[in-house]
Amino acid sequence: MQNPYQKYMQNAGEMMTPAERTAAVYDRCITELNKAIYYIDNKDIPHAHNSIVKVQDIVEYLDSHLVAKYEISNDFAELYSFLRQKLINANVKKDTEQIRSILPYFENLKDSFTQMSKMGM
């Protein structure tokens, strides 16, 4: 049985457009990466690992749902491959600089999908 917050979040997600949902996913990545930086800075390695893995899982999910017939899917596949490699390296080394270097990619993607949602796409 879902608690009221879970029910609200499920309903909110169902009411979002695809662009809004995608922007929210990128926002989640940003949140988790910022948490990972915080955890690394505070020597909380297990939580840092978990936050980075959550982002890796999201990127993997997004990559696995690309539709090959669209030309832009190749660009996203290359971007996701790059991001996955950076995430792996950052996780192995617990390197906040590598995390900070990819944050702008997620921020730009979030902003792009937010703009698309405002245009009704």
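Give me a count of the residues in the stretch 95-104 that are over 13 Å from Val55 (Cα atoms) and surrounded by fewer than 17 Cβ atoms within 10 Å (Cβ to Cβ).
Step one: filter the stretch 95-104 for residues over 13 Å from Val55 (Cα atoms), giving 95-98, 100-101, 104.
Among the residues that remain, those that are also surrounded by fewer than 17 Cβ atoms within 10 Å (Cβ to Cβ) are: 95, 97, 100-101, 104.
Here the count works out to 5.
Take the stretch 70-87 and flag every residue that is among the hydroxyl-bearing types (Ser, Thr, Tyr) and either buried (at least 16 other Cβ atoms within 10 Å of the Cβ) or in contact with a Ser or Thr (Cβ under 7 Å, 6 or more places away or on another chain) (or both). Spell out how you get there, then give the answer.
From the stretch 70-87, those among the hydroxyl-bearing types (Ser, Thr, Tyr) are 70, 73, 80-81; that's our starting set.
Listed by number, the list holds a single entry, Tyr80.
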### Task
State whether one or more residues within the stretch 42-59 are in contact with a helix residue (DSSP H, G or I) (Cβ under 9 Å, 6 or more places away or on another chain), in contact (Cβ under 8 Å) with a residue 40 or more places away in the chain and surrounded by fewer than 17 Cβ atoms within 10 Å (Cβ to Cβ).
yes
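Please work out if Leu66 is closer than 19 Å to Asn108 by Cα and assigned to a loop (DSSP other than H, G, I, E, B).
Values: closer than 19 Å to Asn108 by Cα: yes; assigned to a loop (DSSP other than H, G, I, E, B): yes.
Answer is yes for this residue.
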### Message
Can you say whether Ile72 is touching a residue at least 40 places away in the same chain (Cβ under 8 Å) and part of a helix (DSSP H, G or I), as far as the supplied structure shows?
### Response
no
### Message
All but one of (1) surrounded by 16 or more Cβ atoms within 10 Å (Cβ to Cβ); (2) modelled with pLDDT under 95 hold for Met1; state the number of the condition that does not hold.
### Response
(1)
### Query
Do you know which residues across the stretch 75-119 are modelled with pLDDT of 95 or more and outside any helix (DSSP H, G or I)?
Lys94, Asp95
### Task
Could you grab me the full set of residues in the stretch 97-121 that are in contact (Cβ under 8 Å) with a residue 12 or more places away in the chain and under 17 Å from Lys35 (Cα atoms)?
Gln98, Ile99, Arg100, Ser101, Ile102, Leu103, Tyr105, Phe106, Glu107
### Message
Here are the criteria: (1) more than 15 Å from Asp27 (Cα to Cα); (2) surrounded by 11 or more Cβ atoms within 10 Å (Cβ to Cβ). Tell me which single one Met121 does not satisfy.
### Response
(2)
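The values are calculated or read from the model by the stated rules, or taken from the named source; none is laboratory data. Quantities reported herein were computed from a predicted structural model and do not represent experimental measurements. Cβ: placed from backbone, ideal geometry, glycine included. Neighbour counts: every protein chain shown.
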